[in-house]
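Trainee: First the structure, which I've put down as structure tokens, then a few questions once you've had a look.
The values are calculated or read from the model by the stated rules, or taken from the named source; none is laboratory data. Model, not experiment: these values are computed from the prediction. Heads up, the Cβs are rebuilt from the backbone with ideal geometry, glycines too, and the neighbour counts pull from every protein chain shown.
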Amino acid sequence: MAGNDKRTDLREEYWATIKSSNLKEAITLEADNAASDVEFHVYGLRLADRYLEKMQRFSKKPFAWSSIIDIGCGVGRFTLPFACRFHHVFAVDIDEEVISEARNYCRSTPNVSYHVNDGETLEEFSSDSVDYAFCGGVLQHIKYFEVIVGYIKEALRVLREGGLFGFSFQIWQTNSIGRIRVGAKITAKKLERALADSPYEICFMQIDPKDPVPHCYVVIRKTELSDRTDPSGAFSTFPVDRSPFRTGVFEDLESCGDLREKWKDTPRPITFYDR
């Protein structure tokens, strides 16, 4: 499928299918949480803190003196707390209406700029121009593995050397091409092959063992091309932190009753380590 068709496909099968509903609900998947300005903000703030705490472990430049690009910012659930920590935030999404909602949600923060991208690249941004990059809750909705990898490569391109990219994705999918809001299957081996010539090293990987919809959170650093024969630097063999990630951020929020029920489910089988 040609690039433009993929971009149209993503718009039509993700944002266009939910335009009639509350855009916040499309982010949090909880109608009550989306309806609560306070608890929607608190839920996003807590997740953002967990993401950034891991990045800060490996950071070389203080956040308050740095820029970060929020890839797939949606309505700004993470952009807003990022703006309270970073010197500047570049908020990027594929839809004008969604970006407009993000502007409104983050209206109290003057250090955010908003960008509508093409659904596949970060071509508006120069190489080696951003200190940090982030992509949370986005890659698991992209139908095509090559587009997922393309975003990772683009994040590495725009990062300055030594910069960090934190990204999360779901690791239970079974289809090589996704459908509607369920993205393509991502495996460690496929990532290793697709990124073999990319300048990165893995700093951190985390899987929450209690998450009924398993996610992986990864932090990589832009660096000189690493030795890909070193097993400690491969997605398939890198030591994984198996501690709470999404667990523990929502249980006390009254608006997250559906999510509390979901957490009683048996976690789906992880397919990330399939060969």
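Trainee: Within the range 52-91, work out how many residues are assigned to a helix (DSSP H, G or I), buried (at least 22 other Cβ atoms within 10 Å of the Cβ) and either at pLDDT below 95 or not hydrophobic (A, V, I, L, M, F, W, C) (or both).
Mentor: 2
Trainee: If I filter the range 108-131 down to residues being under 21 Å from Pro81 (Cα atoms), β-branched (Val, Ile, Thr) and within 17 Å of the chain's Cα centre (by Cα), which single residue comes out as modelled with the lowest pLDDT?
Mentor: Only one residue tops the list, namely Val116.
Trainee: Quick one: in the range 234-257, which of the residues that are small (Gly, Ala, Ser) and touching a residue at least 24 places away in the same chain (Cβ under 8 Å) is surrounded by the most Cβ atoms within 10 Å (Cβ to Cβ)?
Mentor: Result: Ser255.
Trainee: Against the definition (surrounded by fewer than 23 Cβ atoms within 10 Å (Cβ to Cβ), in a loop (DSSP other than H, G, I, E, B) and modelled with pLDDT of 95 or more), how does Glu161 come out, yes or no?
Mentor: Criteria not met by Glu161.
Trainee: Can you name the condition, by its number, that Gly150 falls short on among (1) under 22 Å from Leu80 (Cβ atoms); (2) touching an Asp or Glu at 6+ places or on another chain (Cβ under 9 Å); (3) not in a strand (DSSP E or B)?
Mentor: Among (1) under 22 Å from Leu80 (Cβ atoms); (2) touching an Asp or Glu at 6+ places or on another chain (Cβ under 9 Å); (3) not in a strand (DSSP E or B), Gly150 violates only (1).
Trainee: Quick check on the range 176-187. Is at least one of its residues of a type outside the set (Asp, Glu), at pLDDT 95 or above and more than 17 Å from Asp274 (Cα to Cα)?
Mentor: No: zero hits.
Trainee: Follow-up. Please determine, by comparing only the residues of the range 26-40 that are part of a helix (DSSP H, G or I) and buried (at least 17 other Cβ atoms within 10 Å of the Cβ), which one is modelled with the lowest pLDDT.
Mentor: It comes out as Ala26.
Trainee: Give the residues of the range 164-206 that are of a type in the set (A, V, I, L, M, F, W, C), surrounded by 15 or more Cβ atoms within 10 Å (Cβ to Cβ) and assigned to a strand (DSSP E or B), sorted by residue number.
Mentor: Hits for the range 164-206 are Leu164, Phe165, Phe167, Phe169, Val182, Ile202, Cys203, Phe204, Met205.
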